[in-house]
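In what follows, a structure is listed as structure tokens, so that the remarks can point back to it.
Nothing in this text is a laboratory measurement; each read-out follows from the coordinates by a stated rule. The shown structure was predicted, so the numbers you read here are calculated from the model rather than taken from an experiment. Positions of Cβ are backbone-derived with ideal geometry, glycine not excepted, and every protein chain shown enters the neighbour counts.
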Amino acid sequence: MQRLRTIVSRAGLALFALALLMPVLAAGEEAAPGKVADIWVFWPKAGQEAQFETAVKEHVAWRKASGDPFRWTAFVPVVGTDMTHYVFYSGGHHWKDLDTQDAWAKGAKAGAKFAEQVGRFVERYEHELSELDDKHSRWKESEEYRFFGRSVLQLRPGAYGEMLEALGKVHKAATDGDWPFSYSVSWKIGGEGGMAVVYPYKSWGDMADPETPFMKVLASSVGSEEEAKKVMEQLNRSFESSVYTIYELRPDLSTPK
């Protein structure tokens, strides 16, 4: 959780602490992945988490057998303020892929099937989309990722330009300095918060502070420690709130391989 999260949390607001989570290509996706992610969040009824999980396993198996064009990856929170929800994520899509998904869902009557298999165990749910900001992201794929830290940040009104200028300097420093850790920046479409930043980790130990603090990398890029501090202050004041959650990957609840 430290790494790029350390950049911001120690300067003030924890900017670099959700696409939502690692990019997962849809089956049959084009060679160049898209930037859109489809995200569903479910809160099971209290005391029915086990039944919910059993039903989800049955449902994702049905979706695969029925030709769902999207692959779904499941995550559960292990650190955060709300430990009662499940996230199902499908990323790497182009906007037109959502039309393909909608057509399949209608033809397969996926909504009715979900209601039949899972719905009775669900208290409430939310649906959102996100679009990757690949100009400010550095992501290295790995099958060893187990945890994903996600910050959801609410942009202060009128601060987009100020934020983008500072974010560009931070990203340039990470790129020029060959910062070895991955991060993904995306913009939420629907729900609270505007920006989501995700970090992948292979283990709890992977969250320890790096030997070289990012502020030193940033200072080298912008010319001085004082200038680096100004960049982070500019970035921090662009946001009015931040919520950080660490999620654990749940392959057993994801689309079967």
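For the range 182-257 and the range 34-67, write down the distance between their C-alpha centroids in whole Å.
Taking the Cα centre of the range 34-67 as reference, the centre of the range 182-257 is 27 Å away.
Tell me the Rg and the Dmax, in Å, that the Cα atoms of the chain produce.
That works out to 19.0, 60 Å for Rg and Dmax.
With N set to the number of residues, divide the alpha-carbon radius of gyration of the range 72-162 by 2.2 N^0.38 Å and report two decimals.
The reported ratio for this selection is 1.38.
At 0.692 mPa s and 37 °C, plugging the Kirkwood radius over alpha-carbon pairs of the range 101-220 into Stokes-Einstein gives what diffusion coefficient in µm²/s?
Estimated diffusion coefficient is 188 µm²/s.
Taking the square root of 5 times each eigenvalue of the Cα gyration tensor, what semi-axes in Å does the equivalent ellipsoid of the range 66-111 have, largest first?
Output for the range 66-111: semi-axes of 27, 13, 8 Å.
Do any trypsin sites (Lys or Arg not before Pro) in the range 90-130 lie in a loop, going by DSSP, with at most 13 other beta-carbon atoms within 10 Å of their beta carbon, and if so which?
Lys109
Could you give the size of the charge dipole of the chain about its Cα centre, using +1 on the Cβ of each K and R and -1 on the Cβ of each D and E, expressed in debye and rounded to the nearest 20?
260 debye
Too long at a 30 Å Cα-Cα cut-off: which of Lys140/Lys216; Lys188/Lys230; Lys202/Lys230?
Lys202/Lys230
Treat each spin label as a single point 7 Å out from the Cα along the C-beta direction, and report the Ser220 to Ser142 distance in nm.
It works out to 2.0 nm between the two label points.
Report D for the range 152-204 in µm² per second (integer): Stokes-Einstein, Kirkwood Rh on Cα pairs, 37 °C, 0.692 mPa s.
257 µm²/s
Based on DSSP H runs of at least 4 residues, each adding -39500 (n - 2.57), what is the mean residue ellipticity at 222 nm of the chain after dividing by all its residues, to the nearest 500 deg cm²/dmol?
-10000 deg cm²/dmol
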